[in-house]
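The values are calculated or read from the model by the stated rules, or taken from the named source; none is laboratory data. Just so it is clear, the structure is predicted and the values come from calculations on it, not from any experiment. Every residue, glycine among them, receives a Cβ derived from its backbone with ideal geometry; neighbour counts consider all protein chains shown. Heavy atoms of the whole protein, side chains included, go into the accessibility calculation; ligands, DNA and RNA do not. Shrake-Rupley method; radii C 1.70, N 1.55, O 1.52, S 1.80 Å.
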Amino acid sequence: MISRGSTDGYFNRARKTRSMRECLEVDGRGRNEPVISFGPEDLRRVSLPHNDALVIQARVANYDVLRVFVDNGSSVNVIFKEALVQMDLQEYQFEAVELALFGFAGHAVYPEGEITLPLTLGTEDLRKTVMTIFTVVDVPSSYNIILGRPAMNEMRAVTSTYHQKIKFSVRGQVGEVKGETSPLPRNVMGRLSEWIRRKREGRRRGRRRVQDEVAREREVHFVAEEEQEAVEIEPGKHIRVARDINAPTRVNLLNCLKANLSVFAWSQQELAGISPKVAEHKLNNLPGSRPVKQKKRHFGPDKDKVIEEHVGELLRADQIREVQFPTWLSNVVLVPKATGKWRMCVDFRDLNKACPKDCYPLPWIDQLVDSTSGCELLCFLDAYQGYHQIPLALEDQDKASFITSGGTFYYVVMPFRLKNARATYQSLMNHVFQKQIGRNVEVYVDDILIKTREVSCFIDDLAETFTTLQ
């Protein structure tokens, strides 16, 4: 039995979310879900009698993890830190956890934090994936992961230790996971480490395969790099153009791009930014909120060098400035990109708690996707350093301060991870593209989609969008 506080949810936000879901759902029991049952056929290859625990193999964050203990007596999902080290995930930032874990004997164990990872169960044909919150614990264990009631309920799974199986509904059918028939030795971490090392070599290959499968499912043609050629549209400035574009469209496209070069930014220094009269981000701190100064976190020399480079770029672009005696102070966080590089963000959690929520609505993704039906060609644009083009209100700039090994700085533009930043940006984009949205453009925050009903109209739609941006 593992418990932490109330077993009704992790924190108050979990209970609020569940209550809201219950209010919004007409009937959350899923009338179309199949009936899950266990019968004599499920006892094949099960040695009877037995008192074995239900230990399975699961796929977590693209790793096949052995020795996953299914424990219906646990109110949390536990992943042991040694397993994270073997999976090369120990560098990820953990969410803070304030409550301790209490086991059967009543001893308290204080977790190192929480991490959200994709959990996949089932076979190739009947596979189900859910985003699962794991509590990270640094204690010795013969297991790598403990799946508790939260994971089983999220999967809508039914367990049977007698039949050594888990069954769950997926796409109107019943998927299943069998327990491990031959338990591994207690020092499973060494074997997991060996297995992980063999898998690391093919990790990038696996990611590329997943992207290709998603592309095939959506029936969208993505132009590979080898199918493109570099074209110089200005001395020292190159763009990539697909090789299979017909000659007339290619000429018109290049002419359109050359005529609108001022729309593109090739570095942060070229960003002109938005006038405060058009858009400006304000924090609107709640009355009575107390300033919080976070204690400086220490990074290794390699990460300090990455942070120093990011800070230098922001200083050269005049997006941050040095500050003395700030009222609020936050730490920086390095977030890994899909390309393998690092993105520097700031931990504004304390500042965000002191700001009210902006209820400006964001578009529904499903509606945006449906609106592209029937279009012959789609063109995707991404605003370069979009958030940093919106100025931060003068009276709020010192509140957006952060600390590094090189000093303390504050933002003069709207930074990432600031509360209501997406709402402010979406409001700006809706204002800018108000004459095009729904007709030939769809916008979601800093992503712009040009949709063309007929290929012959593509250049006109592209030119109109560039004119709007100018």
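Observations
- Region 325-470: mean projected area of Cα convex hull, nm²: 10.9 nm²
- Straightening the chain between HIS431 and GLN470 buys 12.6 nm, computed as 0.36 nm per residue apart minus the Cα-Cα spacing.
- Cα-projected label distance for GLN173 with ARG45, points at 7 Å along beta-carbon direction, nm: 1.8 nm
- Modelled spin labels at GLU322 and LEU334, positioned 7 Å past Cα toward Cβ, are 2.4 nm from each other.
- Residue-span extension gain [GLU180 to PHE38] - 0.36 nm each, minus C-alpha spacing: 49.3 nm
- Set LYS305/LYS341; LYS293/LYS399; LYS128/LYS357; LYS282/LYS353; LYS295/LYS353; LYS293/LYS419 screened for pairs whose C-alpha atoms are more than 22 Å apart: LYS128/LYS357
- Shape call, region 77-170: gyration tensor on alpha carbons, a/c limit 1.5: prolate
- All Cα-Cα distances of region 283-372, cut into 10 Å bins from zero to the largest, leave 12, 30, 32, 20, 6, 0 percent in each bin in turn.
- Stretching ALA108 away from MET131 to a fully extended chain increases their span by 5.6 nm, per 0.36 nm per residue minus the current alpha-carbon distance.
- Two-site label geometry, PHE380 and LYS305: point separation in nm, points 7 Å out along Cα→Cβ: 3.3 nm
- Cleavage-rule hits, chymotrypsin sites (Phe, Trp or Tyr not before Pro), region 247-313, DSSP coil, Cβ neighbours within 10 Å at most 14: TRP266
- Surface share of carbon and sulfur [accessible, 1.4 angstrom probe, percent] for region 327-415: 56 percent
- In order along region 45-60, the Karplus-derived 3J(HN,Hα) couplings, from 6.51 cos²θ - 1.76 cosθ + 1.60 at θ = phi - 60°, round to 6, 10, 7, 10, x, 8, 10, 6, 6, 8, 10, 10, 10, 10, 9, 10 Hz, and Gly and Pro are given as x.
- Debye intensity ratio in log₁₀ form over the Cα atoms of region 225-292, taken at each q of 0.12, 0.29 Å⁻¹: -0.56, -1.31
- When the Cα convex hull of region 369-415 is projected onto planes of every orientation, the mean area is 5.7 nm².
- The mean accessible area for residues of region 392-470, using a 1.4 Å probe and ignoring ligands and nucleic acids, is 42 Å² per residue.
- Cα-based convex hull, region 346-428, per residue volume (Å³, whole number): 130 Å³
- About the Cα centre, charge dipole magnitude for region 81-140 (Lys/Arg +1, Asp/Glu -1 at Cβ), debye: 220 debye
- Using distinct alpha-carbon pairs, which all enter the 1/r mean, Kirkwood radius of region 55-109 in Å: 13.2 Å
- Near-label residues of region 140-155 by backbone N, under 20 Å of a point 7 Å along Cα→Cβ of LEU99: 146-155
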